[in-house]
Amino acid sequence: MKKAISQSLLTAILNGISILSLIYLAVSLFSYRNVNTQLNKAYEERFNLTYNANRFMNASSYLTDEVRAFAATGLQEHFDNYWNEVDNLKNRDKGVAAMQEIGITSLEQKMIDDMYALSNQLVPLEDEAMKSVQNGNNKAAFDYVYGPEYSSSIAQINTLKEQFLADLDNRTAEQVNSLIAKTNQIRIQMIIALFIVGVMQLCNMILVRFKVLRPVMAVKRQMLEISHGNLSADFNLTADTSEIGMLVDSIHETKRELKKYISDINTTLTQMAQGNMDLSIGNDYRGEFQPIQRAMAQILDSFNSALYQINKAAEQVSEESSKMSSNAQNLSDGATEQAAAVEELSASILEISKQVNSTSSDAANANNASTESMRHLSVCNEKMAALRAAIDEISDSSRQIGGITKAIEDISLQTNILALNASVEAARAGEAGKGFAVVAGEVQSLANKSTESAKDISLLIESSIKQVQTGASLSVETMNALMEVIASGEQSAAMIQRIASSAMQQAESLEQVTVGMNQISDVVQNNASTAEDTASSAQGLRHNAEDLKESVHRFRLRKK
């Protein structure tokens, strides 16, 4: 048998690689979540550092702007804002404390200290400037805060601010970019792991399809052929050491064994069919086929024993059947004569019964037809009543339409009067009423047309009412005539019903007589038929016994 890797091992390898890839993917997901958390934290720290740095620097600029504004304007508001920032708000100190809590480098801390030192150098100048303003010497205050010493310190502080912000932004951006690169690397690793899982599953699907499903379908078709008893169907799969290969080998072995058993059974049964009972069954049957082997041996033994007994009994049956055939023939001749006499009497009564049944059937049909005619006449009567009611409704509707026509004529008359009044008013209005006069003329024309139409409708309705009255009169006459026809039909139906009832009673009486004769005839016929069958059976039994003896002699039995 050809060597081949098992499908289960190959599937386990592919699934193992897929599982390892999925585990690596899960670890990568966990790492990605941690790095992403760090990235969000880095973004937050960068924002907070930038915010607090700007808070520190904006507070310094705010103090400078307020002291200069106080020196320039002398407004107490700027003085108060300055000291509120220094004593209460303290945005510089809070911004530095927040940055230190988040974490800054020693270089960044040094730049903050330098800015603090420069800022502290400006405090005496700012104090002198504010005192000068309070003493009314605004020019001296202006020289303090806009002098070269103050402006130089401010320039140095601004330079340090820009450098501090640039270094802080570069450091935090480098940290964020490093984390972004790490997340991208983890994403690539996750994609690779997913790709490996996809490739392994694709290979697994291809393996299952071509190495498992296709052979299994071939095995299914082959087993279906075997279940239908076809052991010669083509089966091109080759056996090997894999699971499917071993299954294929089992099917080939099963087909060989079944063919061997079927050939042996066919040979044995063919010999038995040809009359050879002197046979022996082989002893190489296996498994569930051993009961078949034992059954065939028992069948041969039973056939030999039964055929021997049948041969012996056939000779005795042949002798007795000859005697029985002679006695049955005599009985059959007597029964045949009785049956012929009863048959003639029964035929005469049957002919009379047919004539009476025909008369009864005709009377019943006439009764049914009369009943159906009465039903149709009743329906016609109902329809005529409905027609009369409909004509009355049409007449009422016509009268109502006449009333509506009268209302239309009244409306037309009133409209005409209004149109005349409008024309008079328009004539009184002179030039200003010309347009209204045209409208009044149109309304009057429309009223005239409505009056003429109402008259035409009135004529048509009067004509319709006359025709409806004529139809109502005709319907009454038709209904009276129909009532007379219904009365005559009821009398005819009653007479036909009595005739049908009498005919049916006669038919029932004659039918009872016919049934009695049929019973007598059946008994006689049965006796005759039984006698004939007995004679025929006896004769056939004798011939069958002879045939049975000849048939048993065809078998070659074992010697006792």
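The values are calculated or read from the model by the stated rules, or taken from the named source; none is laboratory data. Because the structure is a prediction, the values reported are computed rather than measured. Using ideal geometry, Cβ is built from the backbone for each residue, glycine included, and neighbour counts are taken over all protein chains shown. All accessible areas refer to the heavy atoms of the entire protein, side chains included, with ligands and DNA or RNA removed. Shrake-Rupley method; radii C 1.70, N 1.55, O 1.52, S 1.80 Å.
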- Rounded to the nearest 10 Å², the 1.4 Å probe accessible area of residue 256 is 130
- Task: Along Cα→Cβ, 7 Å out, is where each label goes; now give me the distance between the ones at residue 456 and residue 170 in nm to one decimal.
- Result: 10.5
- Message: Strictly over 19 Å apart at the Cα level, which of 406/449; 41/94; 94/161; 406/455; 41/110; 220/255 would you flag in this model?
- Response: 41/94; 41/110
- Message: Using the Cα centre of region 152-260 as the reference point, and only Cβ charges (+1 on K/R, -1 on D/E), how large is the resulting charge dipole? Debye, rounded to the nearest 20.
- Response: 480
- Among the aspartates and glutamates, which fall within straight-line cross-link reach of residue 182, defined as a Cα-Cα distance under 13 Å, with same-chain neighbours fewer than 8 residues apart omitted? 174
- Please work out how much accessible surface residue 354 shows to a 1.4 Å probe, ignoring ligands, DNA and RNA, in Å² rounded to 10. 120
- Using a Förster distance of 35 angstrom, determine the FRET efficiency expected from the C-beta separation of residue 278 and residue 246, and round it to 0.05. 0.20
- Where region 1-80 is the region considered: accessible area per residue in Å², 1.4 Å probe: 59
- Task: Describe numerically, in nm with one decimal, the distance between label points set 7 Å from Cα along Cα→Cβ at residue 490 and at residue 116.
- Result: 13.1
- Task: Working with all protein chains in place, sort 498, 388 by solvent-accessible area computed with a 1.4 Å probe, largest first.
- Result: 498, 388
- Query: Taking 0.36 nm per intervening residue step and subtracting the Cα-Cα distance, what contour gain separates residue 375 from residue 13 on full extension?
  - Reply: 121.3 nm
- Can you give the extra length, in nm with one decimal, that the chain gains between residue 303 and residue 72 once fully stretched, where that is 0.36 nm per residue apart less the Cα-Cα distance? 68.9 nm
- Item | Rough spin-label spacing in nm, given labels placed 7 Å along Cα→Cβ, for residue 163 and residue 526 | 13.9
- Message: Probe radius 1.4 Å, ligands and nucleic acids ignored: give me the carbon and sulfur share of the accessible area of region 18-153 as a rounded percent.
- Response: 55
- Query: Amide H to amide H under 5 Å from residue 276: which residues, 5+ apart in sequence or cross-chain, H placed 1.01 Å off N in plane?
  - Reply: 556
- Item | Stretchable slack from residue 393 to residue 220, in nm (0.36 nm times residue separation minus alpha-carbon distance) | 54.1 nm
- Using a 1.4 angstrom probe with every protein chain in place, what is the largest-first accessible-area order of 146, 261, 32? 146, 32, 261
- Protein chains only, probe 1.4 Å: how do 119, 537 rank by accessible area, largest first? 537, 119
- Message: How large is the Kirkwood hydrodynamic radius of region 6-136, counting all unique pairs of alpha carbons, in Å?
- Response: 19.2
- Query: Amide H to amide H, which residues 5 or more places from residue 240 or on other chains are under 5 Å from it, using H placed in the peptide plane?
  - Reply: 245, 246, 249
- Message: Place a point 7 Å from Cα of residue 206 in the direction of its Cβ. Which residues in region 14-36 have their backbone N less than 16 Å from it?
- Response: 14-15, 18
